[in-house]
Amino acid sequence: MSYPSIHTDMPPVRIDVTTPSRAYTVAIENNSIERLRGILDEVHAPPRRFIVSSPLVWRLHGRRVAGAIDGSEPILVPDGERHKQLATVVRIYDALVRANADRASTLITFGGGVIGDMAGFAAATYLRGIALVHVPTTLLAQVDSAIGGKVGVNHPLGKNLIGSFYQPHAVVIDPTVLGTLPRREFRAGLYEVIKYGVTSSAGLFDRVTRDKTAIFAREPEALTPVIAESCGIKAAVVSADERESGLRRILNFGHTAGHAIEAVTKYRRYRHGEAVAYGMLVAAELASARGALADRDKKALFDVIAGLGPLPAIADVSTAQILDAMRHDKKVVSGRLHFVLPTAIGSTAIVDDVTDKEMREALKRVGFRK
Ligand SMILES: NC(=O)c1ccc[n+]([C@@H]2O[C@H](COP(=O)([O-])OP(=O)(O)OC[C@H]3O[C@@H](n4cnc5c(N)ncnc54)[C@H](O)[C@@H]3O)[C@@H](O)[C@H]2O)c1
Ligand SMILES: [Zn+2]
């Protein structure tokens with residue numbers, strides 16, 4: 001498939017997402033959160049507006065979006081992964097009920113992926129669904145979680161087990177909010193960008209390698225095109241396959257082993273993107289052992305990941321535990337695990353016949369404990 005070309009020299013960048021359930025625009029522009037009210041009016045977002053954010057994000061950037069809600073109080077909830085649970089969603093419902101939020105309401109999520117997923121789920125279920133607008137504030141949320149309509153929370157026994165597909169009315173991306181993002185969080189988002197590069201765009205992959213320093217410095221000329229191209233890929237994939245019955249599965253590249261690594265380490269040691277980085281390396285080793293990925297491309301992937309900076313150690317994480325965790329993955333369909341293998345930088349294949357032995361060997365080659 002082909003992806004839309006994006007002209008970043010003429011901001012704002014606008015990318016259309018067209019799914020059977022809703023069509024909406026992802027708008028990327030510096031300082032756009034300060035004009036949020038006008039943007040909401042343009043997309044006809046219902047007039048009673050509520051912002052859900054976290055105390056930290058609100059302290060850092062709340063002043064800049066407060067105009068969108070007439071200075072009324074935001075709904076603040078904690079945003080660590082361990083708070084991504086139904087109890088926190090109930091706090092959002094409580095605040096909406098107390099404020100008599102009705103069907104003419106818009107819920108605006110203002111935070112990282114945790115806030116977006118949780119508050120998005122609240123919007124999907126409160127009164128059987130009120131309007132939702134995402135204003136993502138982490139790189140991961142801007143390039144990934146705010147687009148595509150997946151909302152939900154974790155269950156004590158597994159990540160994202162409770163949720164829904166619920167597309168927003170709009171996604172408003174302001175790259176300037178990333179200025180306060182800790183370097184590790186920023187890097188975690190960049191691994192998802194690399195994921196898009198490997199699955200769909202050698203150009204994006206090369207750009208991350210080439211402009212790394214300027215991207216880390218969050219220079220708009222370097223960063224905005226990376227966000228825009230990533231959003232363009234996600235938007236195109238989601239538009240072609242909203243419910244992940246086909247093409248959308250390619251975005252799980254790196255996520256099968258990645259989710260298992262997160263689960264085995266109880267979601268504490270790695271940021272999601274870091275676990276995905278390891279997952280991409282595992283998938284590359286698998287593909288390479290099958291002769292499906294050239295050494296040159298495998299090396300390019302290892303180099304770009306190593307070049308971004310240190311990843312938390314894995315030498316004490318056991319291969320057997322990871323294999324076990326993978327058997328519980330949501331990507332297991334009728335007992336078969338679907339696995340996305342890279343076949344070149346910019347293309348993938350989905351297979352469902354990876355054996356335990358192959359997996360053990362790939363994990364060992366990446367450095368996991370026997
Ligand atoms: N819905 C989807 O399609 C989808 C896709 C990928 C990931 N996710 C979910 O996203 C979540 C991870 O999202 P995340 O990485 O954004 O984590 P997060 O929401 O926990 O944010 C990471 C940290 O950054 C802080 N933060 C947010 N914005 C900031 C800013 N501008 N400046 C400084 N600090 C800021 C937050 O307070 C938090 O401590 C996971 O729960 C994952 O399951 C969902
Ligand atoms: Zn991910």
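Every number in this text was worked out from the coordinates using simple rules, so none of it is lab data. Just so we're clear, the structure is a prediction, and the values are computed from it rather than from any experiment. As a convention, Cβ positions derive from the backbone with ideal geometry for all residues, glycine included, and neighbour counts pool all protein chains shown.
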Using θ = phi - 60° and Karplus 6.51 cos²θ - 1.76 cosθ + 1.60, couplings along region 46-57 (whole Hz; Gly, Pro as x): x, x, 8, 10, 10, 10, 10, 8, 10, x, 5, 4
What do you get for Rg/Rh of region 88-243 when both radii come from the Cα atoms and Rh is the Kirkwood radius? 1.00
What is the order of 81, 229, 274, 242, fewest Cβ neighbours within 10 Å to most? 81, 242, 274, 229
Just tell me which lysines come within less than 27 Å, Cα to Cα, of residue 370; anything on the same chain fewer than 8 places away is out. 159, 195, 266, 298, 299, 330, 331, 357
Residue-by-residue Karplus 3J(HN,Hα) for region 342-350, coefficients 6.51, -1.76, 1.60, Hz, glycine and proline x: x, 10, 5, 6, x, 8, 9, 9, 9
HN-Hα J couplings of region 23-29 from phi, Karplus 6.51/-1.76/1.60, θ = phi - 60°, integer Hz, Gly and Pro as x? 10, 8, 10, 9, 10, 10, 7
In whole Å, how far is the Cα centre of region 307-370 from that of region 171-250? 22
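Hull surface divided by four, with the convex hull built on the Cα atoms of region 174-248: how many nm²? Numbers along the way, then the final one.
Working: hull surface 20.6 nm².
The directionally averaged projection comes out at 5.1 nm².
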Relative packing of 336-347, 102-113, which averages over residues the other C-beta atoms within 10 Å, highest first: 102-113, 336-347
How far apart, in nanometres, would the label points at residue 23 and residue 98 be if each is projected 7 angstrom from Cα along the Cα-to-Cβ direction? 4.0
How many angstrom separate the Cα center of region 93-146 from the Cα center of region 45-86? 9
